[in-house]
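Please read the structure below before turning to the comments.
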Amino acid sequence: LRALSLLTAPSGAHIAGPEFDPFYENSGGYGYTWFRDEAECAKYLLASDQLLDIDLESEYEDIVSFFIETQLSDGTWPHRVWAIDGSLAPGWANARVEGSDKPEYQADQTASVITFLARILTTRRESLTAKEQGHIERAIDDGVSGLNDSVGGNNLPERCQNAWENMVGQFTHTAATFLEAYAAVSQAPVESALQRHATEQAKQLFEGISQLWSESTGHYVMRLDDGDEDHRLDSSTLSLTTAFVRYDEAVGLPTRALSRLESHLRTTLTQLHRRSSDQSAGGLIRFEDDYWRSGDQDKEKVWSVSTAWGSTAAAEAATIFESHDRAGVAAEFLSIATELYEYIQSDGTFSTEMGYLAEQAFDDGSLDSAAPLAWPHSLRLHATGLLAEKDALPAPKPSPSGPTTQPRWTTGEKYGVGTVADHNREDSSRVWFTLTEGSLTEIRFPRVDLMNFRTIDLLVVDTDEDTEYTARSHNETRVDDTSDTVRRRAEIVDTEALVFRHVITETGDGRGHQWTLTAEYAADPNHDALLTEIEFNAHDENEYEVYVIANTALTNTGATDRGLRVGQTGDYQLVSRATETYQDEAETKPLLIDENGEEYSVAVALTTTTRFDWATVGVAGSSTLSEFFGAGVEPEPEDQLDDENIVLVGLLGSGETVTETLSIGFAEEADTAGALGEAAGALTRGYETVRSEYIQSWQEFLADKPLPKSVQRSTSLAEQYTVSLMTLRAVEDKTFLGAGIASPSVPWGVAVNASEAKGYGYNFVWSRDLYQVFTVFEAVGDLETATQSLEFIYEYQQDSKGFIPQNTYLNGRTRWGGEQMDNISFPQVMAWMLYDGGLTFDDVEYSYHNVRRSADYVAYNGPQTAQERWEEESGYSPSSIAAEIAGLVCAADIAVQEDHLADGLIWAALADSWTADVESWTATETGTKRHQHTPYYVRVTRHGDPDAGQLRTLANNGPTLDEREIIDAGFLELVRLGIKSPDDTIVRNSIKAVDNTIRVDLPEGPAFYRYNGDGYGERAVEDEGAPWSIDAKGKGRLWPIFTGERGEYELRRGTEDGSLEPRNLLETMSEFANSGRMIAEQVWDRQHSTDYNWELGEGDRGCNTIGVVNGAVCETRARY
């Protein structure tokens, strides 16, 4: 189906193949529509649809229209036409068009079209309109007249050209097509007179075919040439099978004819069968003594169309013989059909590296002529359906068995994220990459939220057969960090571009192994590809092999991929694509769809400058790969695996030194050839060129964004500032501009199942988080990027009532639909900031109505919220109410300036009322024994009564506490948004409660928990430090974002010294960053050791590169 789709013109017709004669020297190219090929393809598609239920209705409609429009006045069809519009193309068999009596006419073409039209009318009549039925019936009637004119006096088609277009005579194949056409019309719902006429014509043709039988050879001859029999066997005579099937249905097949068919098929299929001496290639030749394009080979070449024809004919023969109680003969032909089918499989004789069928093959396995061809692909499809119906498809060869457990994602501990800074370019590069300490992770394409690999890392193997030494660049669990002699480091190379490098060092394992491995990464601005420059150096005089290991997870799922090794020994490439594409049914709409509503289907490719010397496709977790990774024993290579958690493995090189460039290419529509093309295109440009242009894209992004004075004197702060700014831009999508995801990670991904095609982790858009990012770009003067963020929210996330869900996919589809009032309010603050900055509604892609909708929603439904900013609790939240007040005030100011005074008055008055009441709703006067500096703000109250002492059981298996005991710093939103003074008494009391309850002073500086009793973090008991999961008791750790929020508060308060001085808090946040300058969501809060080798103040493996965290860093520096 994919091959036929590639060959389809806008008219719906197919070209025969992509090979073409560009200079019109011979008119011998395949870039035309032959009516024989087109009708046969259409016929087989129709039959396959009935067998496999693949719903090709629209394709039939186009093809039928094409046939009707191209029929000649005499009822026939010409030699070939241009597929684009059906106009006559150059040819050598147009005697009918030219009014000539010469035999340069191919009568079988008209017969094949009539057969298809009759079958459409018979099998699809209920789906046709009366007008369409009339058009088809007239075309059939005229076509039968054309056929009648081509029947000679001996009841056979007159002398004409054959199907191979290289001889003239009265051919068995042509006669078979006539018989099939007449028989098909006789069974079609046409006028009874035409039915009767077609039946009589079929009977006469059937009798005429007996003249083509050779009693001496036991088969039908190729042709009669001026009455002489040409006894050569010809694969086109296999068409007799379908013709006899149709005749048997219409009239009935005599026993003698059935016996002749048996003899003919057995002789033809046996004698035309060829297999090379080494058994590597095989199939059917076209006909005996066919030496066209044979080169140095002294035997006939095998052809894909002949081989596919043989498989189909044998399968149909099995059916007809079974219906005539010849079970033994049926079984024999079914076995032959299965054997021939193996040659046309995706790993068979005729298959190109991409799985397409070439026209011909030499005995040595090399392919010739065009690929793909429509005719053999349609035949293969039909053979698949026939054999599947009889459960006779070739048994797949044994493949490595994978583990029974479902695939999972990997660590969320990111050390870098990268993409080309070309978001506003029409033909932008659509590849994003992230990396952890020893591996690339979750490479994304064609959107920032669509992950296609779990990990890509490197394997080092000692070539000495007496040792089993191996080392992986990625150590996922980290449980053996203290004993592992391999040191892994990810670092940013250029602080003016998101260029990252892995440095992996074997420091000495006590067995004489020492080496260094570096890998540097750059995305290609001109291709959808990522280049990796790899350099390995042994320091111990040993020789090693270096492999790349890529665990695919195409389009966010790692369970059902197809992996392929293409090429030949010493010249391999690796590709993977989804095993099957999604068929959108009414009740099951896919989650991962593009802007046109179509599901994504991604292909990936791995190749190098010299290609892989050795490669294989494996299953993640299989015993064969486990032995390879653990002991260096190369498994028996696999060429193809389907429906598995695929791992692609390729040998990059061997020796004391290895230098290689790896390219990872991507394409949509599961186009593996396209993915290889992208990968090869990037390699052709070379790593240095790609790297230079990649860096240039980021330098251009930073060019109009100078460093704030506050960071200019500190190299560390300056680097953190620019990396944070670039990271915020990097996590924005390029299809849905303005859609920045919260983080390109799956928190604690090693515990998250990856078996469904859906979104995962933080790869979604929260308008609250997007607001934080917006404030950064507004502060640095990048109003275009800031505007795109708000345009995205209003266009894709806001509904007609002003509601904005908790979070969405990039296309605006709701992921979690919770009501969070700050989510709904912040866009109005964003709108006002742009409006105040001089952008009117004429300058943006949203209107006042968008502002009004959400402001009204808040006015009608606030101030309580179904979820506060931590998405766990409902009620009256200081942070949510602060956002609601700010949103209403901002909307009111816009309303007044836009002459909507009534709106402005209502929203402003409501904001004033809520400002006056926020303390009575959320600040307790009574406090508790632990908190006696009253009044102070609590995290949330259920009914707006902070002194009620309501009990709350906290989320994530948290404790049950009095609401007055639950402390967080959300009230600081009241200060940040200008609603309360930083010196307000209740604010100051609340600061004391925060510092006494959720503040921890680390060596890096002050850090804070979200709230006391938080259970969202690594496990607290029973395997302490293990990944968080919903069914285990976790403990929330320290969040760097709160250091940034506190810094903004202290900045407003004017603090000038001490650990809380804003610049010191910037330093603290910078200290929390890892070697790639990524800041984690949480950092570890314990000094004692665990099995997971945590260090106090180290970022956890939940996730790094949180948009809000980096946003807080950038916003704080921008406000300096």
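The values are calculated or read from the model by the stated rules, or taken from the named source; none is laboratory data. Only a predicted model underlies this, so the values are computations on that prediction, with no experimental measurement involved. Cβ atoms come from the backbone with ideal geometry, glycine included; neighbour counts cover every protein chain shown.
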The listed residue being without any contact (Cβ under 8 Å) to a residue 60 or more places away in the chain, in the same structural domain as residue 791 (by TED's automatic domain parsing) and under 29 Å from residue 951 (Cβ atoms), out of 862, 838: 862
Members of the stretch 104-132 that are more than 13 Å from residue 65 (Cβ to Cβ) and free of Cβ contacts under 8 Å to residues at least 40 places away in the same chain: 126, 130
Selection within the stretch 678-711 - out of contact with any helix residue (DSSP H, G or I) (no Cβ under 9 Å at 6 or more places or on another chain), farther than 20 Å from residue 498 by Cα and of a type in the set (Ser, Thr, Tyr): 684
Qualifying positions in the stretch 896-910 - surrounded by fewer than 23 Cβ atoms within 10 Å (Cβ to Cβ), in contact (Cβ under 8 Å) with a residue 24 or more places away in the chain and outside any loop (DSSP other than H, G, I, E, B): 897, 903, 906, 910
Residue in the stretch 737-749 that is touching a His at 6+ places or on another chain (Cβ under 7 Å) and not small (Gly, Ala, Ser) present: yes
Scan of the stretch 38-72 for residues that are of a type outside the set (A, V, I, L, M, F, W, C), assigned to a loop (DSSP other than H, G, I, E, B) and modelled with pLDDT under 95, ordered by number: 53, 55
Among the candidates 714, 654, residue that is over 23 Å from residue 497 (Cβ atoms), of a type outside the set (Asp, Glu) and surrounded by fewer than 18 Cβ atoms within 10 Å (Cβ to Cβ): 654
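Residue-by-condition table, conditions (1) assigned by TED's automatic domain parsing to the domain that holds residue 555; (2) crowded, with 23+ Cβ neighbours inside 10 Å:
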residue: 660; (1), (2): yes, no
residue: 663; (1), (2): yes, yes
residue: 690; (1), (2): yes, yes
residue: 694; (1), (2): yes, yes
residue: 709; (1), (2): no, no
residue: 729; (1), (2): no, no
Residue list for the stretch 102-156, restricted to those being in contact with a Ser or Thr (Cβ under 9 Å, 6 or more places away or on another chain), of a type outside the set (Phe, Trp, Tyr) and not in a helix (DSSP H, G or I): 106, 150, 156
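Here is a yes/no grid of residues against (1) assigned by TED's automatic domain parsing to the domain that holds residue 738; (2) surrounded by fewer than 22 Cβ atoms within 10 Å (Cβ to Cβ); (3) on the phi > 0 side of the Ramachandran plot; (4) modelled with pLDDT of 95 or more:
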residue: 784; (1), (2), (3), (4): no, yes, no, yes
residue: 812; (1), (2), (3), (4): no, yes, yes, no
residue: 822; (1), (2), (3), (4): no, no, no, yes
residue: 828; (1), (2), (3), (4): no, no, no, yes
Test result for residue 884, more than 30 Å from residue 1029 (Cα to Cα), outside the structural domain of residue 1031 (by TED's automatic domain parsing), assigned to a helix (DSSP H, G or I) and more than 45 Å from the chain's Cα centre (by Cα): no
From the options 934, 926, residue that is in contact with a strand residue (DSSP E or B) (Cβ under 7 Å, 6 or more places away or on another chain), in a loop (DSSP other than H, G, I, E, B), at pLDDT 95 or above and not aliphatic (A, V, I, L, M): 934
Strands (runs of 3 or more DSSP E) lying entirely in the stretch 588-668 (those with 3 or more residues that are under 26 Å from residue 750 (Cβ atoms) and in contact (Cβ under 8 Å) with a residue 12 or more places away in the chain): 615-619, 640-644, 646-655, 657-667
The lone exception for residue 120 - which of (1) of a type outside the set (S, T, N, Q); (2) closer than 21 Å to residue 246 by Cα; (3) more than 41 Å from the chain's Cα centre (by Cα) it fails: (3)
Identity of the residue in the stretch 967-979, buried (at least 22 other Cβ atoms within 10 Å of the Cβ) and in a loop (DSSP other than H, G, I, E, B), that ends up nearest to the chain's Cα centre (by Cα): 970
Selection within the stretch 65-86 - farther than 20 Å from residue 18 by Cβ and out of contact with any helix residue (DSSP H, G or I) (no Cβ under 6 Å at 6 or more places or on another chain): 65, 69, 70, 72, 73
Filtered residue count, the stretch 586-602, keeping only those that are within 19 Å of the chain's Cα centre (by Cα) and either at pLDDT 95 or above or farther than 20 Å from residue 642 by Cβ (or both): 11
Filter result for residue 771 (under 30 Å from the mean Cα position of the chain (by Cα), within 20 Å of residue 597 (Cα to Cα) and touching a residue at least 24 places away in the same chain (Cβ under 8 Å)): no
The one condition in (1) among the charged types (D, E, K, R); (2) on the phi > 0 side of the Ramachandran plot; (3) out of contact with any Ser or Thr (no Cβ under 9 Å at 6 or more places or on another chain) that residue 293 fails to fulfil: (3)
Pick from the stretch 275-285, criterion closer than 24 Å to residue 329 by Cβ and touching a residue at least 60 places away in the same chain (Cβ under 8 Å), ranking: surrounded by the most Cβ atoms within 10 Å (Cβ to Cβ): 283
Within the stretch 920-933, considering residues that are crowded, with 19+ Cβ neighbours inside 10 Å and over 49 Å from the mean Cα position of the chain (by Cα), the one farthest from residue 965 (Cα to Cα): 923
Whichever residue in the stretch 842-861 is of a type in the set (A, V, I, L, M, F, W, C) and within 37 Å of the chain's Cα centre (by Cα) and, among such residues, is surrounded by the fewest Cβ atoms within 10 Å (Cβ to Cβ): 844
Residue check for residue 756: in a loop (DSSP other than H, G, I, E, B), in the same structural domain as residue 1083 (by TED's automatic domain parsing), acidic (Asp, Glu) and farther than 18 Å from residue 1080 by Cα: yes
Filter result for residue 748 (within 28 Å of the chain's Cα centre (by Cα) and at positive phi): yes
Test: residue in the stretch 505-516 that is within 29 Å of residue 675 (Cα to Cα), in a strand (DSSP E or B) and modelled with pLDDT of 95 or more: no
Count of the stretch 341-374 residues which are part of a loop (DSSP other than H, G, I, E, B) and not polar (S, T, N, Q): 18
Selected residue (only one of 290, 278, 296 is within 46 Å of the chain's Cα centre (by Cα), within 21 Å of residue 314 (Cβ to Cβ) and assigned by TED's automatic domain parsing to the domain that holds residue 366): 290
